[in-house]
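S.K.: First the structure, then my questions, so here it is.
The values are calculated or read from the model by the stated rules, or taken from the named source; none is laboratory data. Fair warning: this is a prediction, and the values are worked out from it, not measured in the lab. Here the Cβ positions follow ideal geometry from the backbone for every residue, glycine too, while neighbour counts run over all protein chains shown.
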Amino acid sequence: MATAAIFSSLRRRRSPSLEAFLAPVDLTDVALVQTLVSVSTELVSCFSGKSLFFQRKNSRSLIRRIEVFVVLLEYLRDSGAGSALSSTTVVCFKELYLLLYRSKILLDCCVQSSKLWLLLQNHTISGHFHDLNQEISTLLDVFPLDDVELSEDVREQIDLMQKQSRKATLFIDKDEEDLRVRFFSFLDEFEKGKIPNLVDLRLFFVEGLGIKDAKSFRAETEFLEEQIVNHEGDIEPTASVLNGFVAIACYCRFLLYGFEENEVELQIGNRKMLRKGLISQEIAETFITVPKDFCCPISLDLMRDPVIISTGQTYDRSSISRWMEEGHCTCPKTGQMLMNTRLVPNRALRNLIVQWCTAHGIPYDPPENSDSSVEAFAAAMPSKAAIEANRATATLLIHQLARGSQGAKSVAARGIRLLAKTGRENRAFIAESGAIPHLSKLLSSTNSVAQENSVTAILNLSIHDKNKSKIMNEKGCLGSIVEVLRFGLTTEARENAAATLFSLSAVHDYKKRISDEEGAVEALAVLLRAGTRRGKKDAVTALFNLSTHTENCLRMIEAGAVTALVGALGNEGSCGGISWCAGFDCEAANWSHGCRGRRNGLGRVSRNDALWNTKRERKCRCSAA
């Protein structure tokens, strides 16, 4: 029997325990029977009283079969007949042990998974139940009943279960299948640019699935998103189709249940969201200077999966993939037009990086199946249905931003924040639909949740290059972002304001405007000195970008940014890797040329520059020791 087959195809949230793959060994006959009694009894007690929303008939049938095994095993234990089992019986019982654990995993899947996921996996999960039934049937066919002393009653129950198992066929519930087909019909409508009828959507989600509030909708969409991430393209339906279903569910959540949501739940939701920052992780938590060729030119971090693009330049796959996803058609380093978007693994460089990391004791965890991640990335690109559903959602959200109550505006800002988190198409049409002016007004809100959501939404929108000009040209928007940086009501709001300035400062012409905004550079310097680890990283990268404009040199010095940057070198982990410091050091040298003739400015730059180099040398010596 293919014991592990179900695990490779069953979509699950967590990996099964090792016990699911290993039958008990070195147990006496009595101990083996007792173990099986415990496992099967626990399984029945856990699931027999549960009313599953989907797969009710299949699950009940499986539990009834396990109940018969409980009768058999308890009889063997209580009668003493389990103390002298034949070798064939022992082999069959070890196989039963595996079947019981596989049954538990399948039933757990039905209990813990979201309704939409179970609906989409209806055929697959029904197939798993049928496979288990077939293997139980096979087990009973080879089980040596004549070698075991059983009462007539127990034997009759085993015989009856054997006959039923032989006759059993694959069962797919008709009502569940109708719901699944209807769900796909909504996807088809969005694919054709049509929005499904409100009555049909209500009948499906509320009456058909029993999703009766916004919180339940959010749990459903989060579960689907988790599956997309966990399975990295190896998933059915494909990631692009699942993205379409996620988009439809998000749209229906706001359409059916509006925008009034408990503020405490909103705050909890914000904390649960993992912020995918613009600045990547520090290099192996170390102060060892990383060879320049091992660092990605975009992130300045040690490359985990180096790939070559058509211009011959090498980048980390995640960084260059994000660059292309945002619509760029040029090489970030050379500015040349890309002949194609193919990413070729640079295996030679990756091997050198692995050797260097090993020699210096630095953890190196290259992505699994990195060569196939291009296909996974392409598969996750949004379908037309997802784009149309997200566009419909954005329209609802922006309408609430403009005309809703304060509570509704906060919910809508969070919706925009999530919608703008991924996909340049989302970011583009959200901005084109007029979200930025309304988000800008919300930055001055006295509601901490509304302020945090609005500044983070602007941060996510700013990733799309064309949106940078919309943000900068919106009257008062830059000033409001700086005000959040200076006086934001939450730590995350202040940090995300700093990250927004970093994103906007990627455009050279905006660096001077940001630096000239009252309090901007000073607030970044304060965040660098006294912020959290993540805040310091946001601050140092924003300051580095601003420092590359020579006209900002005096402003940076007078605002204390240089002192803060030099001081950051003395604090482990604050600068996000020595690469930033080296880069800033070069900029300080450039400033000396830009400030020539300005005596006071030049003197201060030179002293700080010398201190910078001294600290760098000291750190490298310490790390080498």
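S.K.: Report the residue count in the range 530-545 for those that are farther than 17 Å from ARG494 by Cβ and either of a type in the set (S, T, N, Q) or at pLDDT 85 or above (or both). If you could, list the steps in order and put the result at the bottom.
M.R.: Our first condition is that a residue be farther than 17 Å from ARG494 by Cβ; within the range 530-545, this holds for 544-545.
Remaining after also requiring either of a type in the set (S, T, N, Q) or at pLDDT 85 or above (or both): 545.
Residues flagged as farther than 17 Å from ARG494 by Cβ and either of a type in the set (S, T, N, Q) or at pLDDT 85 or above (or both) within the range 530-545 amount to 1.
S.K.: So which helices (runs of 4 or more DSSP H) are wholly in the range 37-148 and hold at least 3 residues that are farther than 26 Å from ALA239 by Cα?
M.R.: By residue number, 56-79, 87-112, 122-142.
S.K.: When ASP293 is evaluated against the numbered criteria (1) more than 30 Å from PHE190 (Cα to Cα); (2) modelled with pLDDT under 85; (3) of a type in the set (Asp, Glu), which criterion, by number, is the only one it fails?
M.R.: (2)
S.K.: Kindly indicate whether VAL199 is β-branched (Val, Ile, Thr) and in contact (Cβ under 8 Å) with a residue 12 or more places away in the chain.
M.R.: Values: β-branched (Val, Ile, Thr): yes; in contact (Cβ under 8 Å) with a residue 12 or more places away in the chain: no.
Criteria not met by VAL199.
S.K.: What is the number of the single condition among (1) within 24 Å of GLN34 (Cβ to Cβ); (2) modelled with pLDDT of 90 or more; (3) surrounded by 13 or more Cβ atoms within 10 Å (Cβ to Cβ) that SER86 does not meet?
M.R.: Going through (1) within 24 Å of GLN34 (Cβ to Cβ); (2) modelled with pLDDT of 90 or more; (3) surrounded by 13 or more Cβ atoms within 10 Å (Cβ to Cβ) one by one, SER86 breaks only (2).
S.K.: Condition check: buried (at least 18 other Cβ atoms within 10 Å of the Cβ), more than 20 Å from PHE205 (Cα to Cα), of a type outside the set (D, E, K, R) and touching a helix residue (DSSP H, G or I) at 6+ places or on another chain (Cβ under 9 Å). Does SER165 satisfy that? If you could, list the steps in order and put the result at the bottom.
M.R.: Details: buried (at least 18 other Cβ atoms within 10 Å of the Cβ): yes; more than 20 Å from PHE205 (Cα to Cα): yes; of a type outside the set (D, E, K, R): yes; touching a helix residue (DSSP H, G or I) at 6+ places or on another chain (Cβ under 9 Å): yes.
Yes; evaluated as a whole, the condition is true for this residue.
S.K.: Follow-up. If only one of LEU565, LEU527 is of a type in the set (A, V, I, L, M) and either farther than 18 Å from VAL482 by Cα or touching a strand residue (DSSP E or B) at 6+ places or on another chain (Cβ under 6 Å) (or both), which one is it?
M.R.: Numbers: LEU527 fails: either farther than 18 Å from VAL482 by Cα or touching a strand residue (DSSP E or B) at 6+ places or on another chain (Cβ under 6 Å) (or both).
Of LEU565, LEU527, the one residue that is of a type in the set (A, V, I, L, M) and either farther than 18 Å from VAL482 by Cα or touching a strand residue (DSSP E or B) at 6+ places or on another chain (Cβ under 6 Å) (or both) is LEU565.
S.K.: Taking LEU187 and the conditions (1) among the aliphatic types (A, V, I, L, M); (2) over 44 Å from the mean Cα position of the chain (by Cα); (3) within 30 Å of PHE245 (Cβ to Cβ), which numbered condition does it fall short on, given that it satisfies the others?
M.R.: Condition (2) is where LEU187 drops out.
S.K.: Let me ask something additional. Can you tell me which condition GLU558 does not meet? The list is (1) surrounded by fewer than 23 Cβ atoms within 10 Å (Cβ to Cβ); (2) touching a residue at least 24 places away in the same chain (Cβ under 8 Å), and all the others hold.
M.R.: (2)
S.K.: Out of all the residues in the range 490-507, is one or more acidic (Asp, Glu) and either at pLDDT 95 or above or in contact with a Leu (Cβ under 6 Å, 6 or more places away or on another chain) (or both)?
M.R.: Filtering the range 490-507 down to residues acidic (Asp, Glu) leaves 492, 495.
Okay, now just the ones that are also either at pLDDT 95 or above or in contact with a Leu (Cβ under 6 Å, 6 or more places away or on another chain) (or both), so none.
No.
S.K.: Moving on. Of all residues in the range 424-473, which are surrounded by fewer than 24 Cβ atoms within 10 Å (Cβ to Cβ), over 17 Å from LEU397 (Cα atoms) and not charged (D, E, K, R)?
M.R.: The answer is SER444, SER445, THR446, ASN447, SER448, ILE463, HIS464, SER469, ILE471, MET472, ASN473.
S.K.: Can you tell me which of (1) within 21 Å of ILE557 (Cα to Cα); (2) touching a Lys or Arg at 6+ places or on another chain (Cβ under 8 Å) is the one ILE514 doesn't meet?
M.R.: All conditions pass for ILE514, except number (2).
S.K.: Check off (1) crowded, with 18+ Cβ neighbours inside 10 Å; (2) part of a loop (DSSP other than H, G, I, E, B) for GLY312 and give me the number that stays unchecked.
M.R.: It is condition (1) that GLY312 fails.
S.K.: Follow-up question, since we're still on this one. I'm told LEU543 meets every condition in (1) more than 14 Å from ALA506 (Cα to Cα); (2) in contact with a Leu (Cβ under 8 Å, 6 or more places away or on another chain) except one. Can you identify the failing condition by its number?
M.R.: In the conditions (1) more than 14 Å from ALA506 (Cα to Cα); (2) in contact with a Leu (Cβ under 8 Å, 6 or more places away or on another chain), LEU543 misses (1) alone.
S.K.: Where in the range 449-528 are there helices (runs of 4 or more DSSP H), lying fully within it, with 3 or more residues that are without any contact (Cβ under 8 Å) to a residue 40 or more places away in the chain? Write out each step before concluding.
M.R.: Numbers: elements: 465-473, 477-487, 491-504, 508-516.
Once the helices (runs of 4 or more DSSP H) in the range 449-528 are filtered for at least 3 residues that are without any contact (Cβ under 8 Å) to a residue 40 or more places away in the chain, what remains is 465-473, 477-487, 508-516.
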